[in-house]
Amino acid sequence: MAILVTGGAGYIGSHTVLYLKEQGEEVIVLDNFTKGHKAALLETPYYEGNLHDEALLDKVFTENTIDAVIHFAASSLVGESVTDPLSYYENNVMGTFHLVKKMVAHDVRRIVFSSTAATYGEPESTPIKEDDPTIPTNPYGETKLAIENMLKWSDQAYGLKSVCLRYFNAAGADPEGRIGEDHDPETHLIPIVLQVALEQREFLKIFGDDYNTEDGTCIRDYIHVMDLAQAHYLAVKKLRETEESSIYNLGNGQGFSVREVLETCRQVTGRIIEAKVAPRRMGDPAILIASSKKAKQELGWTPQYAALETMVQHAWNWHVNHENGFNE
Ligand code: UFG
């Protein structure tokens, strides 16, 4: 029995693939490599192509004995989703539609879905719980919520069981330094700060210091990418054991402001990292902190790398040794 990982060459996907292999699972990847990196797969077998290619999906499901799918493949930039929403509906919603259709046709009825805190929009209270209102403030979150609903109705109609994992801010890298985070363009806070540390950028732009938080900068809940990987594995195990659909937040339950992240990066790297306050970035909520109680209780999830210093240290170890990311 193999697990099919769509988008397995991306940042969270590749760390999950590595983790699954370490647990003795057989893994097959499907990725179109528009964002992902072949080098991040570390010899994992893969198919190259799009979710829209139904003939390819037939081939993948026919040539392998797949009992569960972990579905990462998606566009995931909030800003881009606002300027080009249709591409998000096409890639995320339509892509998942083809995948789910073919899963049902081939009688594969377990899926772990890579969802996001962006499904909640601007939260009414913190920490955010799974049954809080979901009112996305951008097309990215909207498409992920549409997929969660697609999965809910597909459970009712076809018995497709799903676990939707709503991640907060993924950070860090493989503790052993084999793979790391490499986006083009890079938009995420920690890798951008580390690029400044490596003098690949002049300074960090702090997007707004007039939010209603202690130091005025936005607060986020950072979670180590290997802890996310562990949760995906536990979600597959739960589906195999209970055949029940569910939704879980994945975060640390602790928030750090942009300035606190910057300070931690300065300490870990020992470098002077310049920063300048810039205007707010559109659509950024002031505070996003998860309650992950449900995942801990029901999945038995036990994050191993909860300290921000550890996440930054692991990210830094990789960046300092791979100044050009996977392109070297
Ligand atoms: N930030 C800066 N300067 C930068 C980059 C980011 O100040 O150059 C700030 C942002 O304004 C935000 C914080 O750092 O306050 C974190 O920003 P990221 O872009 O790293 O992450 P986001 O919180 O915007 O988004 C992440 C994921 C999304 C997901 C969202 C859900 O990247 O896919 O969490 O909470 F939708």
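Read-outs: derived from the displayed coordinates by stated rules, not from any lab. None of the values given here were measured: they were computed from a predicted structure. So basically every Cβ, Gly included, is an ideal-geometry build from the backbone, and we count neighbours across all protein chains shown.
A compact table of results
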read-out	value
Extreme residue, surrounded by the fewest Cβ atoms within 10 Å (Cβ to Cβ), among residues of the stretch 71-105 that are within 15 Å of the ligand (Cβ to nearest atom) and aliphatic (A, V, I, L, M)	Val82
Neighbours by Cβ (under 8 Å, 6+ apart or cross-chain): first from the stretch 145-158, closer than 11 Å to Phe97 by Cα; second of a type in the set (A, V, I, L, M, F, W, C) and part of a helix (DSSP H, G or I)	Ala146/Val93; Ile147/Val93; Met150/Val93; Met150/Phe97; Met150/Val100; Leu151/Val100; Ser154/Val100; Ser154/Val104
Check on Ala74, touching a residue at least 24 places away in the same chain (Cβ under 8 Å), touching a Gly at 6+ places or on another chain (Cβ under 8 Å) and closer than 22 Å to Leu239 by Cβ	yes
Options Pro191, Pro185; residue that is under 29 Å from Val69 (Cβ atoms) and free of Cβ contacts under 8 Å to residues at least 12 places away in the same chain	Pro185
Residues within the stretch 121-143 that are in contact with a Lys or Arg (Cβ under 8 Å, 6 or more places away or on another chain) and near the ligand (Cβ under 10 Å from one of its atoms), tallied	1
Sole exception among (1) touching a residue at least 40 places away in the same chain (Cβ under 8 Å); (2) not in a strand (DSSP E or B) for Ile3, by number	(2)
Residue count for the stretch 145-163, restricted to those that are away from the ligand (no atom under 15 Å from the Cβ) and either within 29 Å of Asn321 (Cβ to Cβ) or not aromatic (Phe, Trp, Tyr) (or both)	13
Residue tally, condition out of contact with any helix residue (DSSP H, G or I) (no Cβ under 8 Å at 6 or more places or on another chain) and among the acidic types (Asp, Glu), over the stretch 249-287	2
Looking only at the stretch 290-312, and only at residues there that are without any contact (Cβ under 8 Å) to a residue 60 or more places away in the chain and farther than 23 Å from Thr119 by Cβ, the one that is surrounded by the fewest Cβ atoms within 10 Å (Cβ to Cβ)	Glu309
